[in-house]
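Trainee: Take this structure, written in structure tokens, and hold onto it; I'll ask about it next.
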Amino acid sequence: MEGAPVVVQPPGPDGGRRVTVGGEFVGTAYHLLDVIEFLRRRGLPKSNTTVDDPDLIEWRGGGPQAWTAGE
């Protein structure tokens, strides 16, 4: 698989960010703990990584601190 296995889309108007794992939609995150829970449910990460690891997560439209549109 090319790129990071997890993709977090830019915040929508309500602050929610669509999350995909391996190209499959897993849910909408409204804060960082939601992203962490989605990864936990999928058994990720397999190693000691952090949410700012570009090999694990591709943050589009802002990093893990961006939860409102336009940040």
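Any read-out appearing in this document is the output of simple, stated calculations on the displayed coordinates, not a laboratory observation. The model shown is predicted, which means the values in this text are computed figures rather than measured ones. Glycine gets a Cβ as well: all are built from the backbone with ideal geometry, and neighbour counts include every protein chain shown.
Trainee: Three principal axis extents, largest first, for the C-alpha atoms of segment 6-59, in Å?
Mentor: Cα spread of segment 6-59 along its principal axes, largest to smallest: 33, 19, 18 Å.
Trainee: Can you give the charge dipole size of the chain about its Cα centre, rounded to the nearest 20 debye, using +1 on the beta carbon of Lys and Arg and -1 on the beta carbon of Asp and Glu?
Mentor: 220 debye
Trainee: Compute the helix-to-body angle for 32-41: its Cα long axis versus the longest principal axis of the chain, expressed 0 to 90° and rounded to tens.
Mentor: For 32-41 against the chain, the angle is about 30 degrees.
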